[in-house]
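What follows is a single structure, written as structure tokens, with notes after it.
The values are calculated or read from the model by the stated rules, or taken from the named source; none is laboratory data. Everything numeric here is computed off the predicted structure, so don't read it as measured data. Glycine gets a Cβ as well: all are built from the backbone with ideal geometry, and neighbour counts include every protein chain shown. Ligands, DNA and RNA are stripped out before the accessible areas are found, and what is left, the full protein with its side chains, is counted by its heavy atoms. Shrake-Rupley method; radii C 1.70, N 1.55, O 1.52, S 1.80 Å.
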Amino acid sequence: NSFIDGKFQPATIEVSGDLISGIELGPLAASKEVEIRYDRGYLVPGLIDLQLNGVAGVDFSSGSKEQIEVALAELPQTGTTSLCPTVITSAPSQIQKQLDVFSKMGHVAGSARSLGVHLEGPVISSEKKGAHALGHILSGTQFLASGIDLGQVRILPLAPEVKGAEEVISLAKANN
């Protein structure tokens, strides 16, 4: 069954390489040659999680490359096929360490695909910090001085009122 036009219905899905190249609604014709047949279950679009701090006991803010690879291999079982692994506000050296870990990772077939890191902080408001550690919150100026490389970062929430925020925004734009 496939989720098409807002409902589950029988369908034949044609795949070329990694892409769906055709969908034929209705039950599989007996004359069709089929490589893989699924008579039960559902084919639905993969979920994209833009803020995931960890999974399967692995924290993306501190996990090793090997641990994160195991976690990414677990995600498709939950329906998540792509994500922005989230690294929370922490010491600049720890943030850079995790960014380095993600920079060394490639995509492993059958695992969820990282779309780039969601760096949650550290250029946030100390007054509206939520669960973030106050001691690791940085001004934009301090962030720039820390030398954190934004090459792996795809989402960077920050407080625009923080001193030096405009310069961090310029750096983020320069790193796409």
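Of the solvent-accessible surface of segment 72-152, computed with a 1.4 Å probe over protein heavy atoms with every protein chain present, carbon and sulfur atoms account for 53 percent. For the chain, find the longest principal axis of its Cα atoms and tell me its angle to the long axis of helix 92-103, 0 to 90°, nearest 10. Here the helix axis deviates by roughly 30 degrees.
Within straight-line reach of Lys173, meaning a Cα separation under 19 Å, sit the following lysines at least 8 residues removed in sequence or on another chain: Lys163. In order along segment 18-27, the Karplus-derived 3J(HN,Hα) couplings, from 6.51 cos²θ - 1.76 cosθ + 1.60 at θ = phi - 60°, round to 9, 10, 6, 10, x, 9, 10, 6, x, x Hz, and Gly and Pro are given as x. Less than 5 angstrom separates the built amide H of Cys84 from those of Asp49, Leu50, Gln51, Leu52, Leu115, all sequence-distant by 5 or more or on a different chain. Helical runs (DSSP H, four residues minimum) scored at -39500 (n - 2.57) apiece and divided by the length of the chain put the mean residue ellipticity at 222 nm at -6500 deg cm²/dmol. Gyration tensor over the Cα atoms of the chain: the corresponding equivalent ellipsoid has semi-axes (square roots of 5 times the eigenvalues, largest first) of 41, 16, 14 Å. Close amide H partners of Ala11, meaning residues 5 or more places away or on another chain with modelled amide H under 5 Å apart, are Ser2, Gly26. For segment 116-174, the C-alpha radius of gyration divided by 2.2 N^0.38 Å, with N the number of residues, is 1.02. For segment 63-106, trypsin sites (Lys or Arg not before Pro) are listed when DSSP marks them as loop and at most 16 other Cβ atoms sit within 10 Å of their Cβ; the list is Lys104. Computed with a 1.4 Å probe over protein heavy atoms only, the accessible surface of the chain comes to 61 Å² per residue. The long axis of helix 65-74 is offset from the longest Cα principal axis of the chain by roughly 40 degrees. Each DSSP beta bridge with both residues in the chain is either parallel or antiparallel, and the antiparallel ones are about 50%.
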